[in-house]
Amino acid sequence: MNHIKDRIRTIPNFPKPGIMFRDITTLLNDPYGFRKVVDELVQPYAGQPITKVAGIEARGFILGGAVAHQLSVGFVPVRKKGKLPWETISAKYELEYGFDQVEIHADAVKKGDRVLIVDDLVATGGTAEAAIRLIRLAAGEVVGCSFVIDLPELGGRKKIEATGVKVLTLCEFEGH
């Protein structure tokens, strides 16, 4: 998957010292790279009975929206607490120091919806695992989680797979 990985910029020491930030804006800015990523995220699910794509704030909105369009299904934004304007359901997840929450609109997922969760990167898996709980709380079925980047040293993929959800990643980077 070097055609994808080579288009991702690495920014050292952002947002804090010791972190290697994997910036997908360079990938999104490249017409071939953006198209290739969307195609590769869509392909494993083409023809499957998926009813919604849930994109995790914020880069998951860009990718998830494009994937939902290609699959001809609805899109569900998974947002940080307090950002959605209507009745919500929420799930907490653990951060390095404390907790945060993500939310979806209470009517975004219906009983029986088959939902694909999309984001740019899986690190510790906390946000994606919270999104899985949200979809299930709304009586939806999570058919998979798809990411452009996996940071395997942080164990997020294993955390998600422990929930019984399949994980697709397009490339890996070592380190944080």
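The values are calculated or read from the model by the stated rules, or taken from the named source; none is laboratory data. None of the values given here were measured: they were computed from a predicted structure. Cβ coordinates were reconstructed from backbone atoms using ideal geometry, including for glycine residues, and neighbour counts include every protein chain displayed.
Name the single residue that is surrounded by the fewest Cβ atoms within 10 Å (Cβ to Cβ) among those in region 53-92 being of a type in the set (D, E, K, R) and within 15 Å of Asp119 (Cβ to Cβ). Taking the candidates together, the pick is Lys80.
Among the listed residues Val102, Val115, identify the single one that is in contact (Cβ under 8 Å) with a residue 24 or more places away in the chain, within 24 Å of Lys36 (Cα to Cα) and not in a loop (DSSP other than H, G, I, E, B). None of the other options fit; the residue is Val115.
When Leu137, Leu168 are checked against the criterion of being farther than 24 Å from Val42 by Cα and among the hydrophobic types (A, V, I, L, M, F, W, C), Leu137 stands alone in meeting it.
Annotation note: Cβ proximity below 9 Å between a residue of region 154-173 that is in a helix (DSSP H, G or I) and a residue that is loosely packed, with under 14 Cβ neighbours inside 10 Å and at pLDDT 95 or above (sequence gap 6+ or interchain) occurs for Ile160/Lys166. Just so you know, in region 30-52 the residues that are touching a Lys or Arg at 6+ places or on another chain (Cβ under 9 Å) and among the polar types (S, T, N, Q) include one that is surrounded by the fewest Cβ atoms within 10 Å (Cβ to Cβ), and it is Gln48. The numbered conditions (1) surrounded by fewer than 18 Cβ atoms within 10 Å (Cβ to Cβ); (2) at pLDDT 95 or above; (3) of a type in the set (Ser, Thr, Tyr) are all true for Tyr97 except (2). Hey, does region 137-150 have a residue that's closer than 22 Å to Thr10 by Cβ, in contact (Cβ under 8 Å) with a residue 12 or more places away in the chain and either of a type outside the set (A, V, I, L, M, F, W, C) or not in a strand (DSSP E or B) (or both)? For region 137-150, residues closer than 22 Å to Thr10 by Cβ, in contact (Cβ under 8 Å) with a residue 12 or more places away in the chain and either of a type outside the set (A, V, I, L, M, F, W, C) or not in a strand (DSSP E or B) (or both): present. Being at pLDDT 95 or above, touching a Lys or Arg at 6+ places or on another chain (Cβ under 8 Å) and either of a type outside the set (Gly, Ala, Ser) or exposed (fewer than 12 other Cβ atoms within 10 Å of the Cβ) (or both) is the requirement here; does Leu27 meet it? Answer is yes for this residue.
Say whether the condition of being of a type in the set (Val, Ile, Thr), more than 27 Å from Ala46 (Cβ to Cβ) and at pLDDT below 95 is met by at least one residue in region 81-89. No: zero hits. Looking only at region 132-159, residues that are within 19 Å of Ile50 (Cα to Cα) and in contact with a Phe, Trp or Tyr (Cβ under 9 Å, 6 or more places away or on another chain) come to 4 in all.
Results for (1) within 18 Å of the chain's Cα centre (by Cα); (2) under 21 Å from Thr127 (Cβ atoms), shown as yes or no for each residue.
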| site | (1), (2) |
| --- | --- |
| Phe14 | no, yes |
| Ile19 | no, yes |
| Asp23 | yes, yes |
| Pro31 | no, no |
| Leu95 | yes, yes |
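Take the residues of region 118-134 that are in contact with a Gly (Cβ under 7 Å, 6 or more places away or on another chain) and part of a strand (DSSP E or B): which is farthest from Pro44 (Cα to Cα)? Here the residue is Val122. Go over the candidates Arg114, Arg157 one by one and state the one that is surrounded by fewer than 21 Cβ atoms within 10 Å (Cβ to Cβ), modelled with pLDDT of 95 or more and under 16 Å from the mean Cα position of the chain (by Cα). Testing whether each residue is surrounded by fewer than 21 Cβ atoms within 10 Å (Cβ to Cβ), modelled with pLDDT of 95 or more and under 16 Å from the mean Cα position of the chain (by Cα) leaves just Arg114.
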